[in-house]
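Note sheet for the following structure.
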Amino acid sequence: MSRQLSMRTALILASIVLLSIGGAGVGLAQSGELDAQGSPDIEVYIPNNEVTPGSETELTVQFDNDGEFIRGNEADRAYVTTARSVVTSLDADDTPITVKTGEKSIGELPESTPKEVTFNVEIPDDAEIGSHEIDVDFEYSYTSKVENAPGLRPSQTSQSRSKSKEIKIKITDDARFRVTEIDSTLRVGEDGDITGEIENVGGEDATNAEVQFPTEAENLFPQETAVAVGDIEAGESAEFRIPIEVGSEAEAVPKRFDLPVSFRDENGIRQTDDDPSFLADIAAERDAFTIEAADRSITAGSSTTVDFTITNNRDETVTDIEPKLFADTPLSSSNDEAFVQSLDAGESTTISFDLAASATTPKTYPVTVDIRYRDAGGDSQITDSYRLPIDVSQAEEGGLLGSFGTIIVSIISLLTVGGGYVWYRNQ
């Protein structure tokens, strides 16, 4: 009985060994032999250790396991040199650097298979320039020794380790930038500009600088995505202007934009500061013109000339302005078109239309005015219809002639009110 228990115990231990050493052990179990002793040997590296004040950036830390194989079958070294369940964190106490990322898992780290872990860090504006040491803390488990040879009792030894490695972070005073004095003329459905200044808040001069506007926002179409601003000495600023077309489907909301700055440093090496950003407003869509009637009253059964004042409501000169009046019964017009050669931004002019009212119930009736024009880019545009009220008042009793006149006006209205709208739209 005791011999059977010993045999069963040996089988159980052998199974535990094979399960604990992962998938590679399945293949080796076929030979029935395992013999290895060693441990992981992990080093940490940071490929780019330079950061600048006033920035939030990513630090990439590399983990490399060289492994230490003490003895045994070389084919079995992975069992004892692989680090498992590796977790890591950064400790930046006693430095001006704030680590925004908590503990991160690496998982398994075999030999000669480096892995990278990214941490978000924040550096304040007043951070002390120079080198700062931060700790990379990590812990892991591993199998330090495993044996399963004929005639020997299977065994394994598991270990856990917690370690800390020091890395140096260099806070530099390179040229870096912020956006100031932002002004936006962006408006839904129009062309506009974003203007501002880019200030070099670093300690080094920047030459051949340009601001970049790589927006992927819907319904925004920059006419230029890179604008040269020249040399910017430390502490100085340069002005920029970015022309942008805003689509008619855009929303009238504030938007945040990135504005990377490309420049050459004091060594003539091309650098890019990706941090600058700014907030700009997009104004709501507006009518291209405002239009008002100087006198909007007419007597039933009569005709008159109605004057309208139109004002260019856009921030650009418009040309070839063609207002067109549309009136429905009981109103009509035998002279329903006008032409204005051009209007500067904010400029007004007066246009006139003939208007007749047939005998009808005195009340307010609408007329509409559409305006064709060419914008500053030379493109033909047409406005939405402007709906304007016309007050029709009661005609005074005027005998037979007055009644005859009313009949004539009514006939003219019926003959002229049709056709005009169709003819204008077909043009």
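The values are calculated or read from the model by the stated rules, or taken from the named source; none is laboratory data. Note that the structure is predicted; figures quoted are calculated from it, not measured. Every residue, glycine as well, gets a Cβ built from its backbone with ideal geometry; the counts of neighbours run over all protein chains shown. Protein only, heavy atoms only, side chains kept; ligands, DNA and RNA dropped before computing areas. Shrake-Rupley method; radii C 1.70, N 1.55, O 1.52, S 1.80 Å.
Quick notes
- So Asp193, is it surrounded by 14 or more Cβ atoms within 10 Å (Cβ to Cβ) and touching a residue at least 60 places away in the same chain (Cβ under 8 Å): no
- Residue in region 204-254 that is farthest from Ile129 (Cα to Cα), counting only those that are open to solvent by less than 20 Å² (accessible area, probe 1.4 Å) and among the β-branched types (Val, Ile, Thr): Val246
- Positions within region 92-113 being surrounded by 13 or more Cβ atoms within 10 Å (Cβ to Cβ) and more than 28 Å from the chain's Cα centre (by Cα), in sequence order: Ala92, Thr95, Pro96, Lys104, Ile106, Glu108, Leu109, Pro110, Glu111
- Test: residue in region 186-202 that is over 30 Å from Ser89 (Cβ atoms), part of a loop (DSSP other than H, G, I, E, B) and under 18 Å from the mean Cα position of the chain (by Cα): yes
- With respect to (1) closer than 20 Å to Ser39 by Cβ; (2) at pLDDT 95 or above; (3) in contact with an Asp or Glu (Cβ under 8 Å, 6 or more places away or on another chain), the lone exception for Glu139 is condition (3).
- Filtered by the rule that a residue be of a type in the set (Ser, Thr, Tyr), open to solvent by less than 20 Å² (accessible area, probe 1.4 Å) and under 25 Å from Thr319 (Cβ atoms), region 344-382 gives a lone residue, Tyr373.
- Within region 38-62, the residues that satisfy the criterion of being part of a strand (DSSP E or B) and either touching a helix residue (DSSP H, G or I) at 6+ places or on another chain (Cβ under 6 Å) or of a type in the set (D, E, K, R) (or both) are Gly38, Glu43, Glu50, Glu56, Glu58.
- Criterion applied to Val179, Val121 was being open to solvent by less than 20 Å² (accessible area, probe 1.4 Å), within 26 Å of the chain's Cα centre (by Cα), farther than 24 Å from Ser39 by Cα and not acidic (Asp, Glu), and the one residue passing it is Val121.
- Among strands (runs of 3 or more DSSP E) entirely within region 208-260, having at least 2 residues that are free of Cβ contacts under 8 Å to residues at least 60 places away in the same chain and over 29 Å from Arg286 (Cβ atoms) singles out 226-232, 237-246.
- Among the strands (runs of 3 or more DSSP E) confined to region 261-343, the ones with at least 2 residues that are open to solvent by less than 30 Å² (accessible area, probe 1.4 Å) and within 30 Å of Glu190 (Cβ to Cβ) are located at 261-264, 277-281, 289-293, 302-312, 318-327, 340-343.
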